[in-house]
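Accompanying notes for the structure given below.
The values are calculated or read from the model by the stated rules, or taken from the named source; none is laboratory data. This is a predicted model, so every value here is computed, not measured. Every residue, glycine as well, gets a Cβ built from its backbone with ideal geometry; the counts of neighbours run over all protein chains shown. To get the accessible areas, we keep the full protein, side chains included, count just its heavy atoms, and leave off ligands, DNA and RNA. Shrake-Rupley method; radii C 1.70, N 1.55, O 1.52, S 1.80 Å.
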Amino acid sequence: MSLVNTKIKPFKAQAFKNGKFIEVTEADLAGKWSVFFFYPADFTFVCPTELGDVADHYEEFQKLGVEIYSVSTDTHFTHKAWHDSSETIAKIQYTMIGDPTHEISTNFEVLRPGQGLADRGTFVVDPAGVIQAVEITAEGIGRDASDLLRKVKAAQYVASHPGEVCPAKWQEGEKTLAPSLDLVGKI
């Protein structure tokens, strides 16, 4: 069953952000766009390339009013250790949530049974806490922050323009579609 158009479930977790440990709950997301970026584990191989890519685009996400939450089943202490020891991870200014209880990974249905690790899952969440986009990839397939940024812009556009939809490869400023009987069979 898809999580698209479902409300995120309550959670409470410890996180590392900007040199501090903080607590994060679903209430922190209220009224803001958010991206949950799940990955298998700290100190691995594809994961730092993805997290670094998101870090490189973080300012663009912030300009759109979007907060990023990376999540793995590691602890917030492990996130700090990785942040302190990796040049790539040291760039991260967004929240790095620890999920050692697997509550959040289970809520978002990305926990690998019997492994205690999360799949690579990306979730775009609207200000009402409703999931608008989901992407899950296999272990060896890294994600692209530029495409994630495009998806967030499309989700925000559709949310603020009822009756319009964004076609394939839509980029900000390009033409959208208004589904109607007149379009049936003409695209």
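Once the C-beta distance of Gln62 and Ala159 is scaled by a Förster radius of 22 Å, the resulting FRET efficiency is 0.75 to the nearest 0.05. Seen against the Cα atoms of the chain and their longest principal axis, helix 76-85 is set at about 90 degrees.
Taking a spot 7 Å from the Cα of Ser85 along the direction of its beta carbon, which residues of segment 41-66 have an amide N less than 19 Å from it? Flagged as within label range: 41-52.
The lysine pair tally for segment 77-187, using Cα distances under 19 Å and a gap of 8 or more places or different chains, is 7. With R₀ fixed at 30 Å, the C-beta to C-beta distance from Ile187 to Ser2 puts the FRET efficiency at about 0.80. Among the listed values [x] -0.49, -0.57; [y] -0.56, -0.64; [z] -0.64, -0.70, the one computed from these coordinates for log10 I(q)/I(0) by the Debye sum over Cα atoms at q = 0.11, 0.12 Å⁻¹ is [x].
Between the residues Ser2, Thr44, Ala30, the greatest Cα displacement towards the positive end of the dipole of segment 1-52, with unit charges on the Cβ of Lys, Arg, Asp and Glu, is found for Ala30. Between helix 145-160 and the chain there is an angle of about 50 degrees, using the helix long axis and the longest principal axis of the Cα atoms. Rank Lys175, Lys91, Lys151 by mean-square fluctuation in a GNM of the chain with C-alpha springs under 10 angstrom and give only the top-ranked residue. Among Lys175, Lys91, Lys151, the largest mean-square fluctuation in the Gaussian network model of the chain belongs to Lys175. Residues in segment 1-72 average 48 Å² of solvent-accessible surface per residue, probe 1.4 Å, ligands and nucleic acids excluded.
With a simple spin-label model that places each label point 7 Å from the Cα along the Cα-to-Cβ direction, the separation between Gln14 and Glu109 comes to 3.1 nm.
A rounded overall shape is assigned to segment 1-85, the ratio a/c of its alpha-carbon gyration tensor axes (a ≥ b ≥ c) being less than 1.5. For the chain, the antiparallel share of DSSP beta bridges with both residues in that region comes to about 70%.
Relative contact order of segment 71-167, taken over Cα pairs closer than 8 Å and 6 or more residues apart, is 18 percent. Helix 46-63 and the longest principal axis of the C-alpha atoms of the chain enclose an angle of approximately 60°.
Taking Gly114, Gly163, Gly52 in turn, the Gaussian network model of the chain (Cα-Cα springs below 10 Å) assigns the largest fluctuation to Gly114.
As a length-normalised measure over Cα pairs under 8 Å and 6 or more apart, the relative contact order of the chain settles at 25 percent.
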